[in-house]
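First the structure, in the form of structure tokens, and then the observations on it.
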Amino acid sequence: MLTSADFATLLLTFKVASLATIFMLLFGTPLAWWLARTRSKWRGLINTIVALPLVLPPTVLGFYLLILLGKNGVIGEFTTWLGIGTLPFTFAGLVVASVLYSMPFVVQPLQTAFSNIGEQPLEAAATLRASPIDTFFSVVIPQAKSGFLTATILGFAHTVGEFGVVLMVGGNIPDKTRVVSVQIYNHVEALEYSQAHWLAGGLLVFSFTVLLILYTVLKTTPHVK
Amino acid sequence: MNRKLNKFITARFKLDHGDFQLSVNLRLPNSGVTVLFGHSGSGKTTLLRCIAGLQKAQQSYLEINGSVWEDSDVGAFLPTHKRPLGYVFQEANLFSHLTVHENLNFGLKRIKASFNNAKFEQIIHLLGIKHLLERMPERLSGGEKQRVAIARALVLNPEILLMDEPLASLDAKRKQEILPFLGRLNQELNIPVLYVTHSHQEVAQLADYLVVLEAGKVQASGLLSETLSRLDLPLSQDREATTVWNVTIVEHETEFHLTRVAFEGGSLSLPAIDAKIGTPLRVQIYARDVSIVLEVPRATSILNVLPATIMDIADGESGQTIVRLKVGNQPLLAHITRKSAVVLNLKIGKDVFVQIKGMSILN
């Protein structure tokens, strides 16, 4: 059965994934809105940057984050100056890395949902006295509801399943940065196969359920290029 | 009465999209129904969208009933949601996530003016949508959707109602279902309408004032009957060329199943109409149904033979001559053959008689 150390990793994983999902929705929503509507020449470049984690080995992203966030990195110097210290091998660093790593899984479904709404309902809302911000909350969000659900579920599930970035940026510190995927690795290294089974099987069931909900109940297609 | 004098639209727009330029300078009455008529690509929808603020022109000045909505010289531009207008799109454009009732309430919730329940009921009744209130838009027919969209714009009691080909996406049957509503809207609610269409039928049926657009420019702008009968416009050349008269019922000749209607300077006999004496009617006379004679025929089966004066003559297509006449104070168009024009020796100023073979009642 699961040990208390295993439960600690489960709890930590849940905390990281929840926080990361909240931040991804906060930053990803305006970004997806901009990407869905802009005619700016920068659109292609920003799309590329957002989608990059989809194809990059997680260790590559983790490596660069480690350098950037480290005490000689640009961001590291900035966070040190702010008095926060450096982020690698901390819980906060893990959340930051997760946000960047899973962002495409949030931005892309939202972007698709926003594009599908089109210009017409927005114009109708404007002729009915709704300001752009009012329109966003009263028309765009309700009409993009399934996009938001997909984005939330995929963002959360993908964060739960990450390994490479976590190991690079977070390390393997119990109660601070040790998440489920890392714990499975630890168990296998220690030849504790039955422990590994419990966690791995749990993650398998979790992922399967999430996707099943997406494909059947919500009838959406997780949009990943 | 003084307030009424201020009811004008002044619209000046210059817009350049490379392959399309709009350049208009209009002063329109903001009362009754003004139709913006033109072929696709004439700029009529662009003009309407500019007035709504949905599209920005490089140079613009827009004044409605004395308040300035746009003035590019001083950088003034009232965003769409702050303009007291109603807009009906070509596609009904209802919010798919809201019921009919919530759609109707969407704008109402956002205006500060006190909510007038009687007016709301009147509009719902007028458009016949009371039984649809709890439905979702996806469960409405095209015609029902469009009626809800019209009601949604009207409940705001706008200073002007902009309609962009509201019937274009509907089949002939649905059109006939909505047209009578549109005719009554203006009379019963007294909201001025700016209506975009390319349909001759809708022009004849709805317009009080007509603006003809062609390639982004105003070709003509004036009262309906005058503009329809201008020989310098392609409208008068069209096979569907018509004149529209506003008449009033004065007498029922029950033994012959006829109704007599009067216009400024004369009267006409029509097939019996089931309406009270004094009822105003709109009568459409096709130019192809009007013939010209020099004397009153002694015996004819045609009931309506009226004295007229020739005001203008122009050559039409394929051997046709187009004649503009004046009957009483009403302009009238006649399409006749060029041969007849020569044989009858028709000249401007000549007094003749017109025989009207048929006409249709529009309301």
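Coordinate-derived values only; no laboratory data. These numbers come from a predicted model, not from an experiment. Please note: Cβ atoms are built from the backbone with ideal geometry, for glycine as well, and neighbour counts cover all protein chains shown.
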**Asked** Between residue B:311 and residues 5 or more places away or on another chain, which pairs have amide H atoms under 5 Å apart, with H built 1.01 Å from N, and which residues are they?
**Response** B:324, B:325, B:326, B:349
**Request:** Restrict the search to the stretch B:216-284; then list the GluC sites (Glu not before Pro) that DSSP places in a loop and that have at most 16 other Cβ atoms within 10 Å of their Cβ.
**Result:** B:240, B:264
**Prompt:** Which Rg and Dmax, in Å, describe the Cα atoms of the protein assembly as shown?
**Reply:** 34.6, 120
**Request:** Search the structure for amide H atoms under 5 Å from the amide H of residue B:221, placed 1.01 Å from N in the peptide plane, and list their residues when 5 or more places away or on another chain.
**Result:** B:212
**Distance between modelled label sites at residue B:238 and residue B:116, nm, 7 Å Cα→Cβ extension** = 3.4
**Request:** Given the options A:130, A:144, A:32, state which has the largest fluctuation in a GNM of chain A using a 10 Å cut-off (strictly under) for Cα springs.
**Result:** A:130
**Asked** Three principal axis extents, largest first, for the C-alpha atoms of the stretch A:4-217, in Å?
**Response** 65, 46, 28
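At 15 angstrom or more along the helix axis (alpha-carbon based) and mean Kyte-Doolittle of -1.0 or higher, what helices does chain B contain? Whole DSSP H runs only.
On the way: long enough: B:142-154 (18 Å, -0.22); B:172-189 (25 Å, -0.67).
Correct list, ordered by number: B:142-154, B:172-189.
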**Message:** Quick check: Cα centre of the stretch B:249-264 to Cα centre of the stretch A:89-106, how many Å?
**Reply:** 84
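What Kirkwood radius, in Å to one decimal, follows from the Cα pairs of the stretch B:156-215? Each step should come with its number before you reach the end.
Values: mean 1/r = 0.0808 Å⁻¹.
After inverting the mean inverse Cα-Cα distance, the result is 12.4 Å.
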**Request:** Give me the angle, in degrees from 0 to 90, between the Cα long axis of helix A:58-69 and the longest principal axis of the Cα atoms of chain A, rounded to the nearest 10.
**Result:** 90
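Evaluate Rg over Rh across the stretch B:21-94, taking Cα atoms for both radii and Kirkwood's formula for Rh. Working shown, then result.
Details: Rg = 12.7 Å, Rh = 13.5 Å.
Answer for the stretch B:21-94: 0.94.
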**Long-range HN-HN contacts of residue B:191 with modeled amide H, under 5 Å** = none
**Prompt:** Which lysines have a Cα less than 24 Å from the Cα of residue B:119, not counting those fewer than 8 places away in the same chain?
**Reply:** B:4, B:7, B:82, B:109, B:130, B:145
**Fill in**
For the stretch B:71-168, the Cα-Cα pair-distance distribution in 5 Å bins from 0, as whole percents, is 3, 13, 23, 24, 18, 9, 4, 3, 2, 0
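Expressed as a rounded percentage, what relative contact order does chain B have, with Cα pairs under 8 Å and six or more residues apart? Spell out each step's value before the answer.
Working: 759 pairs, mean separation 56.0, N = 363.
Once normalised by length, the contact order is 15 percent.
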**Message:** Two decimals, Cα atoms only, Kirkwood Rh: what is Rg/Rh over the stretch B:242-361?
**Reply:** 0.99
**Message:** Based on alpha-carbon centroids, what's the gap between the stretch A:12-53 and the stretch B:73-109 in Å, whole number please?
**Reply:** 30
**Asked** So how far apart, in nm, are the two label points at residue A:78 and residue B:296 if each is 7 Å from Cα heading toward Cβ?
**Response** 9.5
**Fill in**
The correct pair for the stretch B:2-228, radius of gyration to one decimal and Dmax as a whole number, both in Å and from Cα atoms, is 17.1, 49
**Asked** By counting other Cβ atoms within 10 Å of each Cβ, how are B:87, B:286 ranked from fewest to most?
**Response** B:286, B:87
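List the chymotrypsin sites (Phe, Trp or Tyr not before Pro) within the stretch A:20-102 that fall in a DSSP loop (any state other than H, G, I, E or B) and whose Cβ has at most 14 other Cβ atoms within 10 Å. Numbers along the way, then the final one.
Details: sites: A:23, A:27, A:33, A:34, A:42, A:63, A:64, A:78, A:81, A:89, A:91, A:101; in loops: A:42, A:89.
Passing sites in the stretch A:20-102 are A:42.
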**Request:** Would you give the gap between the C-alpha center of the stretch A:111-190 and the C-alpha center of the stretch B:307-327, rounded to a whole Å?
**Result:** 71
**Fill in**
Expected integer from the mean partner chain Cβ neighbour count at 10 Å over A:128-137 is 5
